Structure formats: C-alpha cells, structure tokens
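The values are calculated or read from the model by the stated rules, or taken from the named source; none is laboratory data. In this text the structure is predicted, and so the values were computed from the model without any measurement. Cβ atoms come from the backbone with ideal geometry, glycine included; neighbour counts cover every protein chain shown.
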Amino acid sequence: MLGNTYQGILSRLLPVLFICVLTVPVFAKSEEDNRKQQKPLTAGWLEMIVLEPWDIRLRAKLDTGAKTSSLHAVDIERFKRKGKTWIRFRTTDPGEDDNPLTFIETPLIREVKIKRHKQKPQIRPVVEMTFCLDGRIYTSEFSLTDRSRFNYRVLLGRKMLQQGIIVDPASTFTLKTKKKSCKKLMKSKHKKSQEKASPRPE
C-alpha cells in the first residue's frame with residue numbers, strides 16, 4: 001500500500017522534473033544573453049556606426065564633453081504627415097563611398113536652440129534615430145545640422161553614452177560594425193517586436 005503511494009507520487013513528479021531539466025538551460029542562456037547585452041561596452045573616441053534601417057555607415061566621434069548628439073544633415077525639409085510634423089533630409093560621409101545619398105524621413109521630436117560663440121543662436125530640429133554599433137542596437141535623439149566643416153559627421157554626446165558605453169580616449173576604431181551583421185540584427189529585433197505585438201492564441 002505504502003509502496004503504491006510512493007510510486008504514485010513519483011509518477012506525478014517525474015514529468016515535472018523532466019520539464020524543469022529542459023527549462024533550466026534555456027533560462028540560463030536567456031539570462032546570459034541579458035547580462036551580455038547589459039554589460040558596458042568599451043569604445044574608442046572614434047568608431048563606425050550604421051544608421052538603420054537605411055544601412056548608412058558613418059564615422060562617429062564619441063564626445064563626453066558634449067551633452068547631446070548631433071548628426072550631419074543637408075537638404076532639410078519639414079512636411080506634414082497625418083497631422084504631425086516630419087523631417088526629410090540627406091546624410092552621408094565622404095569617407096564611405098558606398099553610402100546611398102537617399103532621403104531619410106522621420107518624425108520631428110522637438111526643436112532645440114544652440115548657442116554659438118559670437119554668432120546668433122541656431123534653431124535645430126531634433127529627431128530620434130536608431131543605429132548599430134558593434135552588434136548592439138541603440139536609439140538616441142540627434143540634432144540635425146550641416147557638419148560638413150567638421151571631420152566627423154556624427155557626434156555622440158553624454159546622454160547617448162549613458163546607455164552603457166565607456167569611452168577609451170586612447171583608442172580609435174576598436175569595434176567591428178558591419179552593415180551585414182547590423183541588418184541581420186535589425187531583422188531579428190523587428191521579428192521579436194512583431195511576435196510580442198501579435199496576440200497569443202488562447
């Protein structure tokens with residue numbers, strides 16, 4: 001009688017234990033991926049980034065002395081779309097010959113007044129852009145301005161760097177940022193977003 005009771009309990013516990021054994025490695029891997037993503041990234045003061053989803057590769061200066069980020073933009077136009085203000089502009093880097101000189105269209109987030117030495121303040125549009133850096137995806141606000149007189153078309157400021165980037169002032173171009181891997185990463189992120197947005201069957 002007692003033996004039958006133990007057998008009954010064991011038969012009920014075995015499926016549960018089996019599921020736990022299968023689940024633990026998956027959970028551990030997920031936790032490991034999260035820790036890897038959250039681990040601070042050490043970058044040089046100059047790095048390559050790729051603007052997504054346009055596949056535009058640009059040289060970026062990581063500047064802890066600047067509060068906000070800035071992006072080179074020409075042919076800036078404002079237009080309305082569904083009652084909201086959008087920005088249309090072009091950006092490119094002369095050091096990257098394979099960059100497409102296509103228009104980028106994105107919503108206007110706000111406008112910012114930039115003080116300039118011995119010049120009138122400049123009003124710049126601010127947009128939110130997504131970019132890839134060393135196999136990671138970041139989103140940041142950028143003020144748009146013509147940076148053709150500067151050596152680097154992108155400036156990443158402190159507000160963006162607070163997302164987990166440590167700047168090594170003695171290094172440049174230490175990270176590997178390739179268009180192909182960035183595109184693959186964006187596709188994976190988009191797929192996960194769609195899966196989260198899709199209603200689960202009951």
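Observations on the model:
The rows are residues; the columns are (1) among the β-branched types (Val, Ile, Thr); (2) surrounded by 13 or more Cβ atoms within 10 Å (Cβ to Cβ); (3) part of a loop (DSSP other than H, G, I, E, B).
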{"position": "Ile76", "(1), (2), (3)": "yes, yes, no"}
{"position": "Lys80", "(1), (2), (3)": "no, no, no"}
{"position": "Trp86", "(1), (2), (3)": "no, yes, no"}
{"position": "Pro94", "(1), (2), (3)": "no, no, yes"}
{"position": "Leu101", "(1), (2), (3)": "no, no, yes"}
{"position": "Thr106", "(1), (2), (3)": "yes, yes, no"}
{"position": "Val112", "(1), (2), (3)": "yes, yes, no"}
{"position": "Lys115", "(1), (2), (3)": "no, no, no"}
{"position": "Lys120", "(1), (2), (3)": "no, no, no"}
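- So Thr106, is it among the β-branched types (Val, Ile, Thr) and at pLDDT below 90: no
- Residue within segment 13-36 that is of a type in the set (A, V, I, L, M), surrounded by 10 or more Cβ atoms within 10 Å (Cβ to Cβ) and either modelled with pLDDT of 60 or more or under 25 Å from Pro169 (Cα atoms) (or both) present: no
- Among the residues of segment 167-194, those that are in a strand (DSSP E or B) and surrounded by 13 or more Cβ atoms within 10 Å (Cβ to Cβ) comprise Val167, Ser171, Thr172.
- Within the option set Met186, Met160, being more than 17 Å from Leu62 (Cα to Cα), of a type in the set (A, V, I, L, M) and in contact (Cβ under 8 Å) with a residue 60 or more places away in the chain holds for one residue only, Met186.
- Matching residues in segment 152-166 - criterion: being buried (at least 17 other Cβ atoms within 10 Å of the Cβ) and assigned to a strand (DSSP E or B): Val154, Leu155, Leu156, Ile165
- Between Thr139, Thr130, the distinction of being exposed (fewer than 12 other Cβ atoms within 10 Å of the Cβ), in contact with a Ser or Thr (Cβ under 8 Å, 6 or more places away or on another chain) and within 30 Å of Thr85 (Cβ to Cβ) belongs to Thr139 only.
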